[in-house]
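The block underneath contains the structure these notes are about, expressed in structure tokens.
The values are calculated or read from the model by the stated rules, or taken from the named source; none is laboratory data. Computed from a prediction, not measured in an experiment: that's the story for all the values here. All Cβ positions, glycine included, derive from the backbone under ideal geometry; neighbour counts span all protein chains shown.
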Amino acid sequence: MHPTEEIGFPTRVIGLISGTSVDGIDAALVEISGKELDLKIELLAGETYPYPVQLRERILELCAGVAISMAELAEIDDAIAFAFAQAAQNIQNGHQAANLIGSHGQTVYHRPVGKSGMGNGEWGIGKKNTPYSPLGYSLQLGRGALIAHLTGITTVSNFRAADIAIGGHGAPLVPRVDAYLLSHPQEGRCIQNIGGIGNVAYIPPRHGDWLSKIRAWDTGPGNSLLDLAVQHLSAGAKTYDENGSWAASGTPCYPLVDQWLRQDYFHLPPPKSTGRELFGVTYLEQCLKDAQVYQLNSADILATLTELTAASITHSYQTFLPEMPQGVLLCGGGSRNLYLKQRLQLLLASIPVLTTDEVGLSADFKEAIAFGVLAYWRHLGIPGNLPTATGAPGEVLLGEIHQG
Ligand SMILES: Nc1ncnc2c1ncn2[C@@H]1O[C@H](COP(=O)(O)OP(=O)(O)OP(=O)(O)O)[C@@H](O)[C@H]1O
Ligand SMILES: CC(=O)N[C@H]1[C@@H]2OC[C@@H](O2)[C@@H](O)[C@@H]1O[C@H](C)C(=O)O
């Protein structure tokens, strides 16, 4: 049977993701129709389901590189799959049942392509064109087979592996979905996600060979350093800077922002990807040491870290885009940080900074929606990666299908 007949067409899909902020599982129930240029989605329900506190803490430790046994890894993998399956069940309450799930899972480790950790060519890594050339590696927990079993719904998971296997970064993957849902006939747009990590998709006006002109990459820290700093500076009382109001009460230290912007990652040309492995605990520790030199108070530290996020985004547009966009559309939790949004608008001067909500696509649930669309494309046999975004040499089908 053709896959579209199996799941019905148009179809009701659940997209699930927990991102690098590890704040909880974003679930989106969407009705999807069309394929690419005629792709349409309707968000029927969107919800964030927080992780149980202990599970979140364990995941954050894993992300920070704390060593654990394989047995414990298996337990965490299952706990995440159970939580994702529960989220899929809950999001359907009051709605007709879904017939497909796209589950990104929880990233706990991301090694960008060309960044082998083994060194010395051990295992043959580092020798180009051998089976062990320095491919990327990206590990998402919450196995799809278990989600399919628990929900009884066919589940697509492990989306990044196929792109990585052919030499891509396996990230960012959302830009291909952005292209079809957010492109504009006359306007070049940047779709800027500000999650734990920031990523941008530059989408030129939708005519000619616009698809091949799309550029996308991870811009660097979104909220990851800010969240860690807030936790540290509030002695655990807060997990993030609501609306950016704490940072707004301070003053950015511009010499420090300039110093931080000299970091290699910001100068690496795209395609490129990153994660909490770089912009995580160790990175923040260095930032806090640097801040001592300038005797910054807590508010000033947060203002300076917020400025780093804003400046790294705009600096990367100015450095790597073929032309500046006519508009910027924000999404992800950072789009709710009013101070950060204000700083971005100031740095981008006359380029309007809006959120994707303002053009009809949920800024909170866009990533979850995108993994629903990627699962749908997998079922239809449509590739999900954009080689200009991930650096892969070609398009591939993304994700493994587990029958429900
Ligand atoms: N009202 C708000 N004010 C300020 N910051 C906010 C607000 N709401 C959310 N955030 C920030 O957004 C973060 C969560 O963003 P989001 O859920 O988009 O990240 P993610 O999806 O986990 O990350 P990624 O996109 O890197 O995978 C929170 O940790 C917090 O820092
Ligand atoms: C390995 C991984 O999970 N990367 C995430 C992360 O969060 C933002 C940025 O880094 C992005 O490249 C990617 O997520 C989105 C969903 C993507 O693939 O488009």
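Only residues that are in a helix (DSSP H, G or I) and either without any contact (Cβ under 8 Å) to a residue 12 or more places away in the chain or within 16 Å of the chain's Cα centre (by Cα) (or both): list them for the stretch 383-404, please.
Listed by number, the residues that qualify are A389, T390.
Among the residues examined, S350 does not qualify as over 21 Å from V177 (Cβ atoms), of a type in the set (G, A, S) and within 14 Å of ligand 2 (Cβ to nearest atom).
Taking the stretch 353-376 as the search range and keeping residues that are more than 14 Å from ligand 2 (Cβ to nearest atom) and not in a strand (DSSP E or B), which one is nearest to D38 (Cα to Cα)? The selected residue is Y376. Just for the stretch 81-114: of the residues that are in a strand (DSSP E or B) and of a type in the set (A, V, I, L, M), which one is nearest to A64 (Cα to Cα)? Among residues in the stretch 81-114 that are in a strand (DSSP E or B) and of a type in the set (A, V, I, L, M), the one nearest to A64 (Cα to Cα) is V108. If the condition is being among the small types (G, A, S) and surrounded by fewer than 24 Cβ atoms within 10 Å (Cβ to Cβ), then the stretch 9-20 contributes only G19. Would you say L150 is at pLDDT 70 or above, surrounded by fewer than 20 Cβ atoms within 10 Å (Cβ to Cβ) and in a helix (DSSP H, G or I)? So L150 fits the description; yes.
Among the residues making up the stretch 185-226, those that are within 16 Å of ligand 2 (Cβ to nearest atom), surrounded by fewer than 23 Cβ atoms within 10 Å (Cβ to Cβ) and in a loop (DSSP other than H, G, I, E, B) are G195, I214.
Examine the stretch 30-50 for a residue that is assigned to a helix (DSSP H, G or I) and touching a Phe, Trp or Tyr at 6+ places or on another chain (Cβ under 8 Å), and state whether such a residue exists. The answer is no, given that none of the residues of the stretch 30-50 is assigned to a helix (DSSP H, G or I) and touching a Phe, Trp or Tyr at 6+ places or on another chain (Cβ under 8 Å). The number of residues in the stretch 21-64 that are touching a Leu at 6+ places or on another chain (Cβ under 7 Å) and surrounded by fewer than 16 Cβ atoms within 10 Å (Cβ to Cβ) comes to 1.
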